[in-house]
Amino acid sequence: MRCPYCGNPRTKVIDSRGVDEGAAIRRRRRCESCGQRFTTFERREKVQVTIIKRDGRAVPYDRMKIASGMFKACNKLDVPAEVIEKALDEIEEAIMRRGEKELPVSVVGELVMDKLRQIDEVAYVRFASVYKRFGNVSEFGKELDVLKPDEEDASGPGSGPGDGLAGKGSPGAPG
Ligand SMILES: [Zn+2]
């Protein structure tokens, strides 16, 4: 960062702090040559991409919507907010790297699920099950089955221990 007073490229950061609820970092710098001080702001690049929903509607990308989905998926799971924010930043970087003006919602959904899978398996399953409502994710349905806890035992109530000769009534409908 070049000094705006003398053009010297060597400046020292003497103070930095988050502003705008963490969306930007304000840095106080001092020129190592002339000693003048100045302030710089470092701001996260805003993702400007249009999301094409499954029904064909185009909506502007909204970080808050993705964040809310991720926070809901992580509800009561002891996942620190910073971890989710960092994952969001990485998702946005991945979106920006693609350099597309429009993206199908499935691309974003998969990026989110990829991150959640790394963060917490339960969060991942929750998100995937909600995401499923948008359609075309039968693959995730399969994964949900695999991850479901075994509630049903292998031995069902179908065949009892009786020898079948009790002869009490018919096996038909009782009423
Ligand atoms: Zn200077």
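Here the label points at VAL130 and SER68, each 7 Å from Cα along the C-beta direction, are separated by 0.9 nm in the simple model.
What does the highest-first list of 11-19, 84-92 look like by mean Cβ count within 10 Å? Before the final figure, lay out the partial values.
Working: 11-19: 12.0, 84-92: 17.2.
Top of the packing list down: 84-92, 11-19.
Taking label points 7 Å from Cα along the Cα-to-Cβ direction, ILE14 and ALA58 give a separation of 4.9 nm. Amide H to amide H, with H built 1.01 Å from N, ALA24 comes under 5 Å of VAL19, counting only residues 5 or more places away or on other chains. At an R0 of 41 angstrom, the distance between the Cβ atoms of ARG37 and GLU110 translates into a FRET efficiency of 0.35. Placing pseudo-labels 7 Å out from each Cα toward the beta carbon at ARG27 and ARG44 gives an inter-label distance of 1.8 nm.
We did not get these values from a lab; they are worked out from the coordinates using the rules stated. All figures in this text were calculated on a predicted structure; none of them were measured in a lab. Here Cβ is always computed from backbone atoms with ideal geometry, including for glycine, and neighbour counts include all displayed protein chains.
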